[in-house]
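Structure first, commentary second.
None of the figures in this text is laboratory data; all of them are computed from the coordinates on show. The structure displayed is predicted, hence computed values, not measured ones. Positions of Cβ are generated from backbone atoms using ideal geometry, with glycine treated the same way; all protein chains shown enter the neighbour counts.
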Amino acid sequence: MSSKRYYQEIPAGEVDPGKRLAAERALAHVEGRLGLPHIVIRWVREISETTFNLADSLAEVDKASQALGMVAGGRPDYSVKKPTAFIDEGGFGGKVHPISRQDAIYVNADQPESRICFIVGHECKHLADHRVGYRPYTPEKAKAMEGRADNFGREVEGELRGG
Ligand SMILES: [Zn+2]
């Protein structure tokens, strides 16, 4: 049985306000600690494989009909993109986009509020690593990088718990 899980970006307005507040508060703290300004928090939610595939097909249909000039006004509009989506083995609390979004972290909106601070710290540490060009070419380096991100996440959690 596959352990693949599917996620799709959702508007911040759909996220529990307590979680958003916890995330923004953690981000403000982390930006100062890491000297990383202008990070954007994006939110994802788990979706079914069926919904994931459907969104893919709909995006293709949209693109095709627009290319044929079937939209009002008859001019193709290539601005329609499918929403950012991830497939992950086993699921995740947070993610940084592997290539295109070096200024964003993705947080799983289904995680409990008590985890949000750690996730933001962890993912921002990855962004900091990426920005200085760090690439974990070996499993050992990847493991060390995860360890550093975990440590930083716990530090941030501790620093913010006091108030
Ligand atoms: Zn990580």
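Between amide H atoms placed 1.01 Å from N, distances below 5 Å from TRP43 occur with ILE10, VAL107, all of them 5 or more places distant or on a separate chain.
The magnitude of the dipole of region 4-161, with charges of +1 and -1 set on the Cβ of Lys/Arg and Asp/Glu and taken from the Cα centre, is near 340 debye.
Taken over region 4-161, lysine pairs spaced eight or more positions apart, or on distinct chains, with alpha carbons under 23 Å apart number 14.
Measuring gaps between exposed loop sites in the chain (chymotrypsin sites (Phe, Trp or Tyr not before Pro); DSSP loop; at most 14 other Cβ atoms within 10 Å), the longest gap, sites not included, is 1-77.
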